[in-house]
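Visitor: Here you go, one structure.
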Amino acid sequence: MDEFDLIHSITPRTIHHSSVDVGIGDDAALYTAKHGVQEIVCVDTMVEDVHFKLHYSSPEDIGYKALAVNISDIAAMGGIPKFYLVSLAVPSKWTESEIKAMYEGMNELAKLYHMDLIGGDTVSTSDKLVVTVTVIGEVEKGRACLRSLARPNDIVFVTGEVGSSAAGLSLLLEETNPQNSSVEAGYFINKHKRPQPRVSVGRLCSGLKRAALNDISDGLASELNELAEASCVSIEIDESMLPVHSDLPKLHPNWKEWALFGGEDFELTGTVTKEEWEVLKQECKTRQLPITKIGHVRERTKSNVILKTEKTTMTLEKKGYNHFK
Ligand SMILES: Nc1ncnc2c1ncn2[C@@H]1O[C@H](COP(=O)(O)OP(=O)(O)OP(=O)(O)O)[C@@H](O)[C@H]1O
Ligand SMILES: Cc1ncc(C[n+]2csc(CCOP(=O)(O)O)c2C)c(N)n1
Ligand SMILES: [Mg+2]
Ligand SMILES: [Mg+2]
Ligand SMILES: [Mg+2]
């Protein structure tokens, strides 16, 4: 495989934004930024056997998810994703058509969000596949949904459902068997392989007076702790209010662990004032975007997360996926 031919073949033939001055082909990309707009840049990496396994992930799946997790970080800022760059470390056994298939997976999402691929890097590796995606987006000045914007008495919410991605992973790793034949294993597997970033909800939140947001990569408990720490508040959530798929409890007795600590749901969790919760709830309903109230923000005395269950009240540890534990 020739690196230059590969770059040539993955160069998009059309662009969505006339603001792109120079895309792929020079030392760096150039685009014209607008006044009154803040640029958002994020980068996340996916590594073979850490984030996915090749025996159950197609190249399209890997590409799709590598872009999706980054769009999710833009959504968590309330922004619009616009451009992406892809860095690949590819083992020599990979064929050119497999690499192109990875770009097809990315392109599925890029088309949906009108995003332009504007650059990247390609190197060979003797070991595992590593895919790093950088996404650049924008948000109207002063409208970003920062983690530090939660305040006492806010409503705490989460989009979609939690725990389904972890259930899908457990099924893929054959740690869980769908003994109950009425459970659609494919549904959970798809949630794990093809998460849908919540850009629309992020945009609704950025239009409110104040909203704090975080996306769920490491797990709801971990993300809520990040919100509590950044805002210096205590967050209380109610276990019975957590939105989970009705089949989740049929899969494993420990399904609550998946919901709280499993991660990779790439849903948004955040806080808004009581008044604006009513507005957000209604706007989400109109657009058929699932969103659920799960608790409220308490006092500013301690940065922690409290979980209320039927029987007890406990501190929800910042436990979740951690690469170095
Ligand atoms: N190696 C690094 N060098 C510099 N900054 C980093 C590095 N790793 C993470 N960060 C920064 O730390 C902050 C938190 O990063 P983190 O990766 O935990 O967030 P995230 O992308 O929302 O979570 P996840 O990676 O689980 O999806 C971000 O501002 C990120 O840019
Ligand atoms: C094979 C395999 N084993 C375990 C997991 C679970 N996992 C890996 S990284 C991560 C957190 C988000 O990543 P990051 O913090 O790097 O963004 C989670 C929950 C997986 N997806 N595949
Ligand atoms: Mg990250
Ligand atoms: Mg994030
Ligand atoms: Mg991330």
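Visitor: Quick check on this structure: which one of VAL20, VAL43, VAL69 is of a type outside the set (Lys, Arg) and modelled with pLDDT under 95?
Guide: That would be VAL20, the only listed residue that is of a type outside the set (Lys, Arg) and modelled with pLDDT under 95.
Visitor: Another question, then. Evaluate the range 179-200: report whether one residue or more is under 27 Å from ASN322 (Cβ atoms), in a loop (DSSP other than H, G, I, E, B), touching an Asp or Glu at 6+ places or on another chain (Cβ under 8 Å) and away from ligand 3 (no atom under 16 Å from the Cβ).
Guide: Yes, because at least one residue in the range 179-200 is under 27 Å from ASN322 (Cβ atoms), in a loop (DSSP other than H, G, I, E, B), touching an Asp or Glu at 6+ places or on another chain (Cβ under 8 Å) and away from ligand 3 (no atom under 16 Å from the Cβ).
Visitor: Got a sec? Which of ARG198, ARG203 is within 16 Å of ligand 4 (Cβ to nearest atom), at pLDDT 95 or above and touching a Gly at 6+ places or on another chain (Cβ under 9 Å)?
Guide: Being within 16 Å of ligand 4 (Cβ to nearest atom), at pLDDT 95 or above and touching a Gly at 6+ places or on another chain (Cβ under 9 Å) holds for just one of ARG198, ARG203, which is ARG198.
Visitor: A further question follows. Across the range 16-71, what is the number of residues that are among the β-branched types (Val, Ile, Thr) and either touching a helix residue (DSSP H, G or I) at 6+ places or on another chain (Cβ under 8 Å) or within 16 Å of ligand 4 (Cβ to nearest atom) (or both)? Working first, answer last.
Guide: Applying the first criterion (among the β-branched types (Val, Ile, Thr)) to the range 16-71 yields 20, 22, 24, 32, 37, 40-41, 43, 45, 47, 50, 62, 69, 71.
Next, from what is left, pick out any that are either touching a helix residue (DSSP H, G or I) at 6+ places or on another chain (Cβ under 8 Å) or within 16 Å of ligand 4 (Cβ to nearest atom) (or both): 24, 40-41, 43, 45, 62, 69, 71.
Residues in the range 16-71 being among the β-branched types (Val, Ile, Thr) and either touching a helix residue (DSSP H, G or I) at 6+ places or on another chain (Cβ under 8 Å) or within 16 Å of ligand 4 (Cβ to nearest atom) (or both): 8 in total.
Visitor: Let me ask something else about it. Only one of ASP218, ASP265 is under 20 Å from the mean Cα position of the chain (by Cα), among the charged types (D, E, K, R), surrounded by 22 or more Cβ atoms within 10 Å (Cβ to Cβ) and not in a helix (DSSP H, G or I). Can you tell me which?
Guide: ASP265
Visitor: Kindly establish whether LYS93 is in a helix (DSSP H, G or I) and surrounded by fewer than 16 Cβ atoms within 10 Å (Cβ to Cβ).
Guide: Criteria not met by LYS93.
Visitor: Let me ask you something else. Residue under question is SER57, and the condition is that it be polar (S, T, N, Q) and either within 14 Å of the chain's Cα centre (by Cα) or in a helix (DSSP H, G or I) (or both); does it hold?
Guide: Values: polar (S, T, N, Q): yes; either within 14 Å of the chain's Cα centre (by Cα) or in a helix (DSSP H, G or I) (or both): no.
The answer is no for SER57.
Visitor: What is the residue count in the range 60-73 for residues that are within 11 Å of ligand 5 (Cβ to nearest atom) and either in a loop (DSSP other than H, G, I, E, B) or open to solvent by 20 Å² or more (accessible area, probe 1.4 Å) (or both)?
Guide: 1
Visitor: Kindly establish whether VAL272 is under 21 Å from the mean Cα position of the chain (by Cα) and crowded, with 18+ Cβ neighbours inside 10 Å.
Guide: yes
Visitor: Regarding TRP277, is this residue crowded, with 20+ Cβ neighbours inside 10 Å and more than 29 Å from ALA66 (Cβ to Cβ)?
Guide: Details: crowded, with 20+ Cβ neighbours inside 10 Å: yes; more than 29 Å from ALA66 (Cβ to Cβ): yes.
Yes, satisfied.
Visitor: Could you grab the pairs with beta carbons closer than 7 Å, sequence gap of 6+ or different chains, first residue in the range 94-112 and under 16 Å from MET46 (Cβ atoms) and in contact (Cβ under 8 Å) with a residue 24 or more places away in the chain, second one assigned to a helix (DSSP H, G or I) and of a type in the set (Val, Ile, Thr)?
Guide: That search, which allows pairs on different chains as well, returns MET102/ILE62; TYR103/ILE10; GLY105/ILE62; LEU109/ILE71.
Visitor: While we're here: Could you check the range 47-63 and list, in sequence order, the residues that are out of contact with any Asp or Glu (no Cβ under 6 Å at 6 or more places or on another chain) and within 18 Å of GLU108 (Cα to Cα)?
Guide: SER57, SER58, ASP61, ILE62, GLY63
Visitor: Within the range 74-83, identify whether any single residue is within 16 Å of ligand 5 (Cβ to nearest atom), among the small types (Gly, Ala, Ser) and not in a loop (DSSP other than H, G, I, E, B), and answer yes or no. Spell out the reasoning first.
Guide: Just the residues of the range 74-83 that are within 16 Å of ligand 5 (Cβ to nearest atom), to begin with: 74-79, 81.
Pick out the ones that are also among the small types (Gly, Ala, Ser) and you get 75-76, 78-79.
Next cut, not in a loop (DSSP other than H, G, I, E, B) only: 75.
Within the range 74-83, one or more residues are within 16 Å of ligand 5 (Cβ to nearest atom), among the small types (Gly, Ala, Ser) and not in a loop (DSSP other than H, G, I, E, B).
Visitor: Another question, then. Within the range 6-51, track down each residue that is away from ligand 3 (no atom under 16 Å from the Cβ) and assigned to a strand (DSSP E or B).
Guide: Once the filter is applied, which keeps residues that are away from ligand 3 (no atom under 16 Å from the Cβ) and assigned to a strand (DSSP E or B), the range 6-51 yields VAL20, ASP21, VAL22, ILE24, ASP26, LEU30, TYR31, VAL37, GLN38, GLU39, GLU48.
Visitor: Might you check whether a residue that is within 19 Å of the chain's Cα centre (by Cα) and of a type in the set (Ser, Thr, Tyr) occurs anywhere in the range 118-130?
Guide: Checked the range 118-130: no residue is within 19 Å of the chain's Cα centre (by Cα) and of a type in the set (Ser, Thr, Tyr).
Visitor: Okay, next question. I'm told SER87 meets every condition in (1) within 16 Å of ligand 3 (Cβ to nearest atom); (2) open to solvent by less than 50 Å² (accessible area, probe 1.4 Å); (3) within 15 Å of the chain's Cα centre (by Cα) except one. Can you identify the failing condition by its number?
Guide: (3)
Visitor: Every residue in the range 37-50 that is open to solvent by 40 Å² or more (accessible area, probe 1.4 Å) and near ligand 1 (Cβ under 10 Å from one of its atoms), please.
Guide: Scanning the range 37-50 gives VAL41, VAL43, ASP44, THR45.
Visitor: Here is a follow-up. Working only within the range 303-325, note down all residues that are in a loop (DSSP other than H, G, I, E, B), among the basic types (Lys, Arg) and away from ligand 1 (no atom under 12 Å from the Cβ). If you could, list the steps in order and put the result at the bottom.
Guide: Looking only at the range 303-325, we keep the residues that are in a loop (DSSP other than H, G, I, E, B), and these are 303, 309-312, 316-325.
Okay, now just the ones that are also among the basic types (Lys, Arg), so 311, 318-319, 325.
Those that are in a loop (DSSP other than H, G, I, E, B), among the basic types (Lys, Arg) and away from ligand 1 (no atom under 12 Å from the Cβ): LYS311, LYS319, LYS325.
The values are calculated or read from the model by the stated rules, or taken from the named source; none is laboratory data. Just so we're clear, the structure is a prediction, and the values are computed from it rather than from any experiment. Note that we place each Cβ from the backbone using ideal geometry, even for glycine, and neighbour counts take in every protein chain shown. Ligands, DNA and RNA are excluded from the accessible area calculation, which covers all protein heavy atoms including side chains. Shrake-Rupley method; radii C 1.70, N 1.55, O 1.52, S 1.80 Å.
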